[in-house]
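Below is one structure; the comments refer to it alone.
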Amino acid sequence: MKAFSNICGIVAPLDQANIDTDQIIPKQFLKSIQRTGFGPNLFDEWRYLDQGFPGQDYTIRPKNTEFVLNQSPYDQAEILLTRANFGCGSSREHAPWALEDFGFRVIIAPSFADIFYNNCFKNGILPLVLPEPAIDALFLAVLGHIGLKLSVDLPSQTLSIAAEFIDQVVLPPLQFEIAQSRKQALLKGLDEIGETLESANKIKAFQSQYAQQNPWLFQTETL
């Protein structure tokens, strides 16, 4: 998993609430568990005019030119700005896989579905929660300035307008909350397995000590 410290990237506006995981990555693409290759099928039913299925050559598929991710410069966005309850629906981890494979490292919304929120941290994505008024202000700024970039600094937990847009957009830096355990995991690029492996020596030491203190539990009977 890629570590996350700070990012300055283009923001793609997706002004819709209750976007579920089947809209993020439709069910027919869930057969693979490789974690990669899902980017071209992110929001598949919105991005393309034909019906999608695994194995298609997405480069020749007819695109919906009105969908934001099919428009320049948003096809290069690293930050997604959206509305409440993003990632609701099924618990499929393929949803953050598709978002990360497309190139998104930050998703900004007023709220997220719980399972999706947890899955983001396992895949190096920062789900950033802000109050509705701040979200509204960001939408106004993004929709009023094509290609607007935001700077997200995880160590200081701040979100601000990128330096190159400071003279164009008046928006004070915003503070965001994040659990310190999740923050440290992102900074180190560790999922739950990686965090456990950090303590591998302590685990082995405990196992050795426990076996010495309770040898009868580890004896093998012979008949």
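The values are calculated or read from the model by the stated rules, or taken from the named source; none is laboratory data. Worth saying up front: this structure is predicted, and the values here are computed from it rather than measured. Please note: Cβ atoms are built from the backbone with ideal geometry, for glycine as well, and neighbour counts cover all protein chains shown.
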* Which listed residue is more than 23 Å from the chain's Cα centre (by Cα), farther than 20 Å from Glu78 by Cβ and of a type in the set (S, T, N, Q), from Gln184, Gln212 -> Gln212
* Structure fact -> Residue pairs qualifying under the 7 Å Cβ cut-off, at least six apart or on distinct chains, with the first in the stretch 4-17 being within 18 Å of Gly87 (Cβ to Cβ) and in contact (Cβ under 8 Å) with a residue 40 or more places away in the chain and the second being hydroxyl-bearing (Ser, Thr, Tyr) and surrounded by 16 or more Cβ atoms within 10 Å (Cβ to Cβ), are Ala12/Tyr74; Leu14/Thr82; Gln16/Thr82
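I'm trying to understand the selection: among the residues of the stretch 92-110, which are over 16 Å from Phe38 (Cα atoms) and in contact with a helix residue (DSSP H, G or I) (Cβ under 9 Å, 6 or more places away or on another chain)? Break it down stepwise before answering.
First, pick out the residues of the stretch 92-110 that are over 16 Å from Phe38 (Cα atoms): 106-110.
Correct list: Ile107, Ile108, Ala109, Pro110.
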* **Residues being within 22 Å of Thr82 (Cβ to Cβ), touching a residue at least 60 places away in the same chain (Cβ under 8 Å) and part of a loop (DSSP other than H, G, I, E, B) - total across the stretch 31-59** => 2
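Would you check which residues across the stretch 72-81 are closer than 27 Å to Ser111 by Cβ and either part of a strand (DSSP E or B) or out of contact with any strand residue (DSSP E or B) (no Cβ under 9 Å at 6 or more places or on another chain) (or both) and list them?
Step one: of the stretch 72-81, the residues closer than 27 Å to Ser111 by Cβ are 74-81.
Scanning the stretch 72-81 gives Ile79, Leu80, Leu81.
Give Ala95, Ala84 a once-over and let me know the one that is part of a loop (DSSP other than H, G, I, E, B), within 16 Å of the chain's Cα centre (by Cα) and closer than 30 Å to Lys183 by Cα. First the steps, then the outcome.
Details: Ala95 fails: part of a loop (DSSP other than H, G, I, E, B).
Matching residue, one of Ala95, Ala84: Ala84.
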* Structure fact -> Condition set of a type in the set (S, T, N, Q) and in a helix (DSSP H, G or I), scope the stretch 103-133, selection surrounded by the fewest Cβ atoms within 10 Å (Cβ to Cβ): answer is Asn118
* Does Leu159 satisfy being in contact (Cβ under 8 Å) with a residue 40 or more places away in the chain, touching a Gly at 6+ places or on another chain (Cβ under 8 Å), closer than 30 Å to Gly89 by Cβ and not hydroxyl-bearing (Ser, Thr, Tyr)? -> no
* Asked: Which residues, counting only those in the stretch 60-79, are free of Cβ contacts under 8 Å to residues at least 12 places away in the same chain and either closer than 28 Å to Cys8 by Cα or surrounded by 14 or more Cβ atoms within 10 Å (Cβ to Cβ) (or both)?
  -> Thr65, Glu66, Gln71, Ser72, Asp75
* Structure fact -> Considering the stretch 155-170, residues that are part of a loop (DSSP other than H, G, I, E, B) and more than 17 Å from Pro13 (Cα to Cα), and then whichever is modelled with the lowest pLDDT, we arrive at Val170
* To do: Can you give me the number of residues within the stretch 139-154 that are crowded, with 20+ Cβ neighbours inside 10 Å and in a strand (DSSP E or B)?
  => 3
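Does Phe139 satisfy being more than 18 Å from the chain's Cα centre (by Cα), of a type in the set (A, V, I, L, M, F, W, C) and closer than 28 Å to Asn41 by Cβ? Reasoning before the result, please.
Details: more than 18 Å from the chain's Cα centre (by Cα): yes; of a type in the set (A, V, I, L, M, F, W, C): yes; closer than 28 Å to Asn41 by Cβ: yes.
Taking the combined requirement at face value, the residue satisfies it.
Give the residues of the stretch 90-125 that are among the aromatic types (Phe, Trp, Tyr) and touching a Cys at 6+ places or on another chain (Cβ under 9 Å), sorted by residue number. Before the answer, list the steps.
In the first step, residues of the stretch 90-125 are kept if they are among the aromatic types (Phe, Trp, Tyr); the result is 97, 102, 104, 112, 116-117, 121.
Hits for the stretch 90-125 are Phe112, Phe116.
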